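The values are calculated or read from the model by the stated rules, or taken from the named source; none is laboratory data. All figures in this text were calculated on a predicted structure; none of them were measured in a lab. Cβ placement follows ideal geometry from the backbone for every residue including glycine, while neighbour counts extend to all protein chains displayed. Each accessible area value is taken on the protein alone, full model and side chains, heavy atoms only, with ligands, DNA and RNA left out. Shrake-Rupley method; radii C 1.70, N 1.55, O 1.52, S 1.80 Å.
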Amino acid sequence: MNQKINLQELLSKYHAGTITDEERILLEEWYAQWTPEQQELSSEEIDQMKADVWQSLNVTVLPAATKRLWPRIALAASVILCLSVGGYYYLSNSKASQQQMTAKVERVDIAPGGNKAVLVLNNGLKINLNSQINGTIAKQGNIRIVKTANGQLAYAPDNTDPSVVVYNTLSTPRGGKYDLVLADGTKVWLNSASSITYPTAFKGNDRTVNITGEVYFEIVHNAKQPFRVNFKGHTIEDIGTEFNINAYDDEQVIKTTLVAGSIKLSRDSRSVLLRPGQQSITSLSNTAIEIKDADINEATAWKNGLFKFKKAKIEDVMRQLSRWYNVDVSYPYGVPKTVFSGEMIKDANATQILDMLAYFKVNYEIVQQTKGSEKKIIIKP
């Protein structure tokens with residue numbers, strides 16, 4: 001069986017949702033390692049290959065105002081139509097495709113983010129978790145702080161009762177993420193440029209933490225000791241819950257999305273109860289609390305290693321890329337009005353993601369700053 005048939009079969013399985021983990025890895029490795037090599041093809045061969053891939057992708061055409069980014073590898077395969085052994089075809093007369101071919105030679109790239117965080121102990125000591133080996137990395141009172149083999153930070157209490165409760169802060173930089181298990185077993189996922197301040201052990205009548213940025217919680221419920229999350233003048237109290245909070249300073253609104261259980265969101269004198277599948281939207285410019293049905297997959301995509309957009313403006317897309325790739329973005333020629341929907345894997349290099357946007361005439365350049373190793377993405381006409 002030749003490469004053309006294998007590729008078509010894998011794409012069909014991907015689209016149908018029947019692809020196995022092994023086949024998915026094979027398909028993703030094919031895209032990650034594929035580079036075009038010039039080959040003469042007849043117009044009939046080109047038309048047939050294009051038709052084969054297009055049919056296997058079952059593409060939905062949206063109105064001109066909305067450009068759809070097809071899921072993951074299916075999108076990449078539709079942008080770079082590669083079927084036969086060593087063969088390739090870029091969409092004819094595509095300015096974006098021509099720019100991508102030239103850019104492959106000398107363009108700057110950016111690696112994706114990963115597990116990066118700094119732990120600040122109650123005495124102010126900062127521990128860079130990237131450089132720590134697995135095992136106990138510190139002790140706070142009677143609590144051992146452990147870096148686990150799967151990259152989590154966990155708190156393991158000793159048998160003695162702590163006389164004093166102390167607080168730690170876990171912070172992720174741009175380009176970082178980290179998972180945490182609190183002393184009560186509650187699981188916490190931090191997105192890039194986020195933080196959580198929490199007690200090393202929970203005492204008293206409640207369990208209270210403070211966050212910034214974007215954080216996902218899987219709470220261990222305890223009716224006698226409710227769990228509370230404080231952020232930007234808001235307080236969430238769980239009633240056996242999984243939920244996501246997006247409260248970045250550079251976002252215009254704050255979004256709290258309930259995945260399971262129930263939560264009460266309070267702000268000033270207002271409070272609302274959320275049901276699973278609902279999302280609250282608030283703004284610092286007014287006191288209203290809007291409740292709407294949520295796209296759970298979109299709200300939690302980052303936790304599952306994906307970018308997922310639903311009618312997102314280019315600025316919304318680029319803010320997520322800026323945080324994950326630790327890079328600034330500028331629009332010296334104005335902001336394109338293109339709107340995107342779709343999903344992409346987060347463990348790809350920046351150019352792999354940006355090339356997909358470039359296919360829809362959102363062109364870019366990654367430039368090295370004159371000082372240091374910092375880079376910038378420039379959105380171009």
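Evaluated with a Cβ-only charge set (Lys, Arg +1; Asp, Glu -1), region 229-381 carries a dipole of roughly 260 debye about its Cα centre, given to the nearest 20. Largest accessible area first, the listed residues K308, K346, K126, K187 line up as K126, K187, K308, K346 when surface is computed with a 1.4 Å probe on the assembled protein chains.
So in region 198-260, what percent of DSSP beta bridges are antiparallel if you round to the nearest 5?
Of the beta bridges lying entirely in region 198-260, close to 80 percent run antiparallel.
Taking the Cα atoms of region 124-243, the ratio Rg/Rh between the radius of gyration and the Kirkwood radius comes to 0.94.
Here region 210-273 is described by how far its Cα atoms reach on the three principal axes: 35, 25, 18 Å, from widest to narrowest. Fully extending the segment from V220 to N123 would add 32.1 nm, taking 0.36 nm per residue of separation and subtracting the current Cα-Cα distance. Of all alpha-carbon pairs in region 300-358, indicate the percentage at a distance above 16 angstrom. The share of Cα pairs beyond 16 Å in region 300-358 comes to 41 percent. Taken per residue, the accessible surface of region 187-258 reaches 36 Å², heavy atoms only and a 1.4 Å probe.
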